[in-house]
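*Asks:* The structure is given below, and queries will be raised subsequently.
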Amino acid sequence: MKLLLKDDVHNLGRRGEVVEVKPGYARNFLLPRRIGIEVTAENLRLIDVEKKKIAVREEKRKDDLAALKRRLEAVRYIIKSKVSDEGHLYGSVGEREIADNIRDTIKVEIDAKTVVIEKPIKETGLYEVPVHLHADIVANLKVWVVDEEGKDRKPQAASGAEAPADEAAAKPESKRKK
């Protein structure tokens, strides 16, 4: 049975595509949930008009995300954590801590799922962390992980850079002791 999709369906197709599905899947799942509709000339025309509106919205969204990318990359992010004498963190810095630091630093809410690090950060130093804002837009952030007490511990710079010399000039950190 051929259906015209009104929404994106994982492993089936995207909005506006004509797909071939089994009658039971169409009758029991897609049609009752109004995810798919029958293929008619009128329905094709309606979807075509809707696609144009969506394309304009998506283009504006991409422009907004590109501006957000530039804003995210313009700031350096400093995360303070407890550190051993060897420069190893007690615990680790993960996606959530980085997302919280972004929120605290530039007042922009970023979903922690968009922050991608291969493994948790367990040493002090400079790290480049990608944030996937869109399928086509990835912001590469510079994240400093430093000792919360400000002591000079053997910093391990992940990208060959040295620890920040003047932490007072740094942006606000996510975990502030008061």
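Values quoted throughout were computed directly from the atomic coordinates according to the rules given, and no laboratory measurement underlies them. Keep in mind the model is a prediction, meaning the values are calculated, not measured. Neighbour counts are summed over all protein chains in view; Cβ atoms, including those assigned to glycine, are modelled from backbone coordinates with ideal geometry.
*Asks:* If we count every other residue with Cβ under 13 angstrom of LYS51's Cβ, Lys/Arg +1 and Asp/Glu -1, where does the sum land?
*Replies:* 0
*Asks:* Could you sort out which of LYS119/LYS142; LYS80/LYS119; LYS62/LYS107; LYS53/LYS113; LYS22/LYS60 sit more than 25 Å apart by Cα distance in this structure?
*Replies:* Flagged as over cut-off: LYS53/LYS113; LYS22/LYS60.
*Asks:* Now for a separate question. Under a cut-off of 18 Å between alpha-carbon atoms, report the aspartates and glutamates in cross-link reach of LYS82, not counting same-chain residues fewer than 8 places apart.
*Replies:* Candidates past the 8-residue exclusion: GLU95, GLU97, ASP100, GLU123, ASP147, GLU148, GLU149, ASP152, GLU167, GLU173.
*Asks:* Taking θ as phi - 60°, what are the ³J(HN,Hα) couplings along the range 20-32 by the Karplus curve (6.51, -1.76, 1.60), each to the nearest whole Hz, with x for Gly and Pro?
*Replies:* 9, 10, 6, x, x, 5, 5, 5, 9, 10, 5, 5, x
*Asks:* Output ³J(HN,Hα) for the range 133-148: one whole-Hz value per residue in order, computed from phi by the Karplus curve 6.51 cos²θ - 1.76 cosθ + 1.60 with θ = phi - 60°, and x for Gly and Pro.
*Replies:* Values, residue by residue: 7, 7, 4, 9, 10, 10, 9, 9, 8, 9, 10, 8, 10, 10, 6, 5 Hz.
*Asks:* Relative contact order, percent, of the range 50-160 when contacts are C-alpha pairs under 8 Å separated by at least 6 residues?
*Replies:* Details: 182 pairs, mean separation 35.1, N = 111.
32 percent.
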